[in-house]
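What follows is a single structure, written as structure tokens, with notes after it.
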Amino acid sequence: MVGREAMIRCLHAVLCLQHSETHISAIRSKPKNARVKRALKNREAKVEENTKTAMFIRGSQTSKIVNDALSDLYLLKKPDAVNFTKKNQIHPFDDETTLEFFSQKNDASLMLVGSHSKKRPHNLVFVRMFDNQVLDMMELGIEKAVAMSNIKGSKCAVGMKPLLLFNGELFDTNTDYKNLKNLLLDFFRGQDITSVNLKGLEHIISVTAGPLEKEGRPGLVYLRVYTVQMKKSGSRIPRVEVEEMGPSLDLRLRRTKLPKDEVWKQAIRVPKELRPKKVKNVSRDDMGDQYARIHLGRQDLSKMQTRKMKGLKRGMEEGEDDVAGSKKRRTAEEEED
């Protein structure tokens, strides 16, 4: 009996402790002031989401090549980026809890983790999150790199939207290359805009897929960044010249983690408020031309207003005058008789 009563008291104490912890966590989650309340509201789900923020994280061991690559890519992503200068004990493919913690704390859905080891030298891992959980990851190894500071020439301004150019059939046929293309587009796209000013187009990010190696293994991926210069050409269309800006990276695909089908469908789902309303009897062809079908009822032609032409009107008047004159002549001849 004593053991049973002690067990009951212990269970009662545990329940009280859990209740107190949940009560304390509920109290702590409440915003203390208006600034915190606005920040929490900004993190809530929206119909039109905010611009995705990317975090640039250094692992426990890095190299100068990795640090330069992280710094240069961070400059291309600013101002929608957070740069971690200190080293962190983080291993994306082994433990995802640290990634989820950083994502929730910084309200960021994109990450680039740099590390260096004997087994995987000069390593970059692109991570994409959904609902504060890892959606997919792609690991790239740096085979050759030239930093932005080592390339002389003009640089683009901070916060400008880039033009992304993908060269190679593998980006449309190979699964890994397709996912890499989608990931890079999501990483560097920035804000959603409806139009682009030519003067605001200052740099190009070119990604070229090299040929596959033996046994269908992925080859090199060449990432280059160029500045765009608009010069006079004597016409409305300017003469375009490009100049290498940096960074220049030769990358090789390593490990990948593709998203699950169910999670991917949920991630790309479009809210009802943003779906285009379907218009009946309206379609578009491959060139974007719009075609519509109009259904009309039976028209009553007797009530249709016709145009009266002057030429026909004069002929009718002359014919009426001839008929009236002939009648007068007939009556005059009958009276003479």
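How many percent of DSSP beta bridges within region 54-256 run antiparallel, rounded to 5?
On the way: 38 of 52 bridges.
In region 54-256, DSSP labels about 75 percent of beta bridges as antiparallel.
So how do 288-297, 193-202 stack up, highest first, on mean other-Cβ count within 10 Å?
Details: 288-297: 7.0, 193-202: 10.2.
Going by the mean number of other Cβ atoms within 10 Å, highest first, we get 193-202, 288-297.
Kindly rank 276-285, 167-176 from highest to lowest mean number of other beta carbons found within 10 Å of each residue. List each step's numbers first, then the result.
Values: 276-285: 7.8, 167-176: 14.1.
Descending mean neighbour count gives 167-176, 276-285.
Among residues other than S109 whose Cβ falls under 10 Å from its Cβ, what is the net charge (Lys/Arg +1, Asp/Glu -1)? It would help to have the intermediate numbers written out before the result.
On the way: positive: K52, R128; negative: E49, D107, D131, D186.
Here the charged neighbours net out to -2.
For region 207-259, what does the alpha-carbon gyration tensor say about shape, rounded, prolate or oblate, given a ≥ b ≥ c as the root eigenvalues, a/c under 1.5 as rounded, and a/b over b/c as prolate? Write out the running numbers ahead of the final one.
Numbers: a/c = 3.34, a/b = 3.05, b/c = 1.09.
Verdict is prolate for region 207-259.
Quick check: net charge around F56, other residues with Cβ under 13 Å of its Cβ, Lys/Arg +1 and Asp/Glu -1? Don't skip to the end; give the middle numbers.
Details: positive: R58, K77, K78, K86, K87; negative: D68, D72, D80.
Net of charged neighbours comes to +2.
Which pairs in the list K119/K144; K52/K181; K64/K155 are over 20 Å apart, alpha-carbon to alpha-carbon?
Numbers: K119/K144 17 Å; K52/K181 17 Å; K64/K155 22 Å.
Violating the 20 Å Cα-Cα cut-off are K64/K155.
Ranked by Cβ crowding within 10 angstrom, fewest neighbours first, how are S117, S235 ordered? Walk me through the numbers on the way to the answer.
Working: S117 13, S235 7.
In order of increasing Cβ crowding within 10 Å: S235, S117.
Rank by packing, highest mean first: peptides 143-153, 250-260, with packing defined as the count of other Cβ atoms within 10 Å averaged across residues. Walk me through the numbers on the way to the answer.
Numbers: 143-153: 14.5, 250-260: 17.0.
Put in order of decreasing packing, that is 250-260, 143-153.
No lab work stands behind these numbers, since they all come straight from the coordinates. Keep in mind that this is a model prediction, so the values were computed, not measured. We place every Cβ from the backbone using ideal geometry, glycine too, and count neighbours over all the protein chains shown.
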